[in-house]
Amino acid sequence: MSHANKQSVSNSVMPNSNLLGNDAGAAYLGVTPRTLEVWRCTKRHQIPYIKVGRLVKYRQSDLDTWLTAQTVGMAT
């Protein structure tokens, strides 16, 4: 498979996705990794995540969408 074909296959599976682990996702949101874990486990905040085996990953675009939704006083 050529390099161009490999790239188009990977882009079609997860287009423009930047996957972050729990620590990186928490840092991106400005919270501790433990806080992000608690939010996920208690379903306090509905932040979309991906399970890869035992690992939890977050798409940066999903975190951006969630942050926008948390903006107080923003018309929806």
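Just so you know, all these numbers are worked out from the coordinates, no wet-lab data involved. Computed from a predicted model, the values in this text were never measured in an experiment. Neighbour counts run over all protein chains shown; Cβ positions are idealised from the backbone, glycine included.
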**Item:** Kirkwood Rh and Cα Rg combined as Rg/Rh, segment 16-68
**Value:** 0.92
**Prompt:** Given charges of +1 on the Cβ of Lys and Arg and -1 on the Cβ of Asp and Glu, with all other atoms neutral, how large is the dipole of segment 16-68 about its Cα centre, in debye to the nearest 20?
**Reply:** 240
**Item:** Extension gain (nm, one decimal) between Trp39 and Ala69, 0.36 nm per residue minus Cα-Cα
**Value:** 9.2 nm
**Spin-label pair Ala24/Arg54, simplified geometry with 7 Å Cα→Cβ offset, distance in nm** = 2.0
